[in-house]
Amino acid sequence: MSVLKIGIVEDELVIARTILNTLDELGYAHCGPAINYTEALEMLEQDKPDLLLLDIQLSGKKDGIDVAGKLNESYPIPFIFLTANSDGETIDRAKKVRPHAYIVKPFTKEELFAAVEIAFSNFTGHRIKTEQIAADSFPVKDYMFVRDGYVFRKIFFNDLLYLVSDANYITLHLKSQKKVMVRSTLNDFIEQLDTRKFIRIHRSYSVNINLIDDVFPTEVTVSGTKIPIGKSYRDDLFKALGIKEV
C-alpha cells in the first residue's frame, strides 16, 4: 500500500536533513528538499507530494508564503508552515494563505506527526464535504471522479464491484479487474455513493448490491470473489436484498 508522500521546502540543509530523517522514522515517503520558490514548483510538478512542509524563510525574493499562494491557486494539497518566526507580523501574513498547520522550530517528532496527520485528515474531510455539497446542486450522475495524484479518474458506478478499506485508504475494484486506490476512510467515501446501490457488509467492505451473485450465511460472491459478511451488517444486507429467512 502506498504511504503519504511529504514534500520538503527548506533552505537550511542541516534542518532539511533532520526533517527527512524524522519522516523516515515516522514511516512517511518524502521528496526534496527544495530550497527556493522555483525548486518548490518543480518538485510539485515532478514528484507530486500529498502534503508540503514549507519553511517561510527561503532563498531568493519569493518566500514560503509565495509558495503557499501558488499552492492555493494550482495545487490542491495541504501544507504546513515550519518556521523559527512566531512574531505577530509573520503569523498575520501566514494566516492570509490559510495553512493547514503552523509549527514553530524546533519541534519534536511527536509534534510533526500530529501536525501531518491532523492537517491531512482535515483537508481530506473538507474536500469530501465540499464535493458532496457541490454534487447535491446538480442532477444525479451515474459516475464519479476520484483523485489519483493530480488526475481525476472517472468511475462509473455500474463498473464498481466493491470497495476494500485498509486504514485511511480505499481500494476500488472494477469490472475491468482494474484497481484504483483512494486516500479516504470507508465511512467518508461511501457517503458519496448511491446508498440504493452500495451497502456496507463488513467493517472493511462495501459492495454494489446489484452485482452480488450469491449470498451465503457468512459471505457473498461478487464477480467470483468471496467477501465476508460482518454479523452486525447481515440484517441490513438481507433486508436490502429482499431476502427473508424461513
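List of remarks:
- Around the Cα centre of the chain, unit charges on the Cβ atoms of Lys, Arg, Asp and Glu (plus for the first two, minus for the last two) sum to a dipole of about 900 debye.
- The chain - share of DSSP beta bridges that are antiparallel (%, nearest 5): 65 percent
- From least to most packed, judged by other beta carbons within 10 angstrom and beginning with the fewest, 54, 161, 211 follow the order 211, 161, 54.
- Relative counts (whole %) of C-alpha pair distances in the chain, using bins that are 10 Å wide: 6, 28, 27, 19, 13, 6, 1, 0
- Signed unit charges on C-beta, dipole axis of the chain, positive-most listed residue 59, 233, 91: 233
- Rg and Dmax of the range 189-246, based on Cα coordinates, read 10.7, 35 Å.
- Only one residue of 103, 124, 80 has its Cα farthest out toward the positive end of the dipole of the range 5-129, where Lys and Arg carry +1 and Asp and Glu -1 on Cβ, and that residue is 124.
- Simple label model, 7 Å out from Cα along Cβ direction - residue 152 to residue 238, nm: 4.2 nm
- Each 10 Å bin from zero holds the following percent of Cα-Cα pairs in the range 19-69: 25, 53, 22, 1.
- Three-way shape label, the range 44-104, alpha-carbon gyration tensor, a/c 1.5: prolate
- Between residue 89 and residue 225, the simple label model (points 7 Å from Cα in the Cβ direction) yields a spacing of 5.7 nm.
- Rounded, prolate or oblate (a/c below 1.5 giving rounded, otherwise prolate when a/b exceeds b/c) for the range 5-129 by Cα gyration tensor: rounded
- For the range 143-241, the alpha carbon convex hull comes to 91 Å³ per residue, rounded to a whole number.
Every number here is computed from the coordinates shown, using simple stated rules; none is lab data. Values in this document were obtained by computation on a predicted structure and should not be read as measured data. Cβ atoms come from the backbone with ideal geometry, glycine included; neighbour counts cover every protein chain shown.
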